[in-house]
Amino acid sequence: MISKSVCLTAILAVSSYQLFAQDKPKPEDTEFYTPVPPKVTPGATCSAPPSDAVILFDGTGEDKWVAASDSTKPADWIVHHGILTVNKHGVGNIRTKQYFGNYQLHIEWRVPKNVTGSGQARGNSGVFLASIGSGDAGYELQVLDNYENKTYTNGQAGSIYKQSAPLVNASRKPGEWQSYDVVWTAPVFGADGNVQSPARVTVFHNGVLVQNNFSLLGPTLYIGKPSYTQAHGPSPVKLQAHGDKSEPISYRNIWIRPL
Ligand code: MG
């Protein structure tokens, strides 16, 4: 006759085995089939827009842009031979008509071969990753000739202006086309207007990582310490017509993928 205690031991052994078998992790526990990522056809080169990109400038016109100071006024930069060049004597900064939250952006820019000036007054422009007003209100990724031009490191090409110097100087010579590829995570604000999560940015300059998921301290400030004082939602992308006297910067092949 089998004792009760032996039976109990056997039952416990079977139960714990079953329990163990149930709890043992399986490969499929971490294999997810939905949601399916949408299929996107890559461009022929890394700079050509993929199939789902919003084209902001393809060389044919600036209809996707308006004056940053007055959205009822058209952008009046110079479009010639498929290139968009800053007009320093017109409406000033221009911004996209469309508003964006998180996105991937590609933009190409060229410092004129005959550029003059020094420091911040040598091919200065900028890409405001989110424009939050007219003028220079927003978060500026600096555009500048820094091939052989010294300035403060957190104000050189590839910097988040006055917040974060680029990891390396990947500048090309004046006269050569350069590119920025940007991953922008917009800041999130609570109902009380306080920032819940700061903006973050990753930037490749000519394919080289120059900003690695940098957390911005707030919108760009020329003077003083930046902080988040103004809650905002999706915003336009803005290009800077800087007031220096050097020859103007040109842009081409601008596209964006809202995320
Ligand atoms: Mg600038």
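Values computed for the structure shown
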{"item": "Proxy reagent accessibility, fewest Cβ within 10 Å first, across ILE83, ILE160, ILE55", "result": "ILE55, ILE83, ILE160"}
{"item": "Average Cα contact separation per residue, the chain, under 8 Å, 6 or more apart, as relative contact order %", "result": "25 percent"}
{"item": "Semi-axis lengths (Å, descending) of the ellipsoid that matches the C-alpha gyration tensor of segment 190-259", "result": "26, 18, 14"}
{"item": "Given the chain, longest segment not containing exposed loop chymotrypsin sites (Phe, Trp or Tyr not before Pro) (DSSP; at most 13 other Cβ within 10 Å)", "result": "34-151"}
{"item": "Rounded Å value of the spacing that divides the Cα centres of segment 182-224 and segment 83-129", "result": "19 Å"}
{"item": "Neighbour-limited loop hits for trypsin sites (Lys or Arg not before Pro), segment 130-180 (at most 12 other Cβ within 10 Å; DSSP other than H, G, I, E, B)", "result": "LYS150"}
{"item": "Sequence of GLU62, GLU176 once ranked by neighbouring C-beta atoms within 10 Å, starting from the fewest", "result": "GLU176, GLU62"}
{"item": "Computed over segment 30-258, the ratio Rg/Rh where both radii use C-alpha atoms and Rh is Kirkwood", "result": "0.96"}
{"item": "Alpha carbon centroid spacing (whole Å) that separates segment 144-179 from segment 61-75", "result": "27 Å"}
{"item": "Listed residues TYR139, ALA199, SER118: farthest to the positive end of the dipole of segment 118-241 (Cβ charges)", "result": "SER118"}
{"item": "Residue order, fewest to most beta carbons within 10 Å, for VAL127, VAL188", "result": "VAL188, VAL127"}
{"item": "Angle in degrees between helix 4-23 and the longest Cα principal axis of the chain, rounded to the nearest 10", "result": "20 degrees"}
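Every number here is computed from the coordinates shown, using simple stated rules; none is lab data. Small disclaimer: the values here were computed from a predicted structure and weren't measured. Cβ: placed from backbone, ideal geometry, glycine included. Neighbour counts: every protein chain shown.
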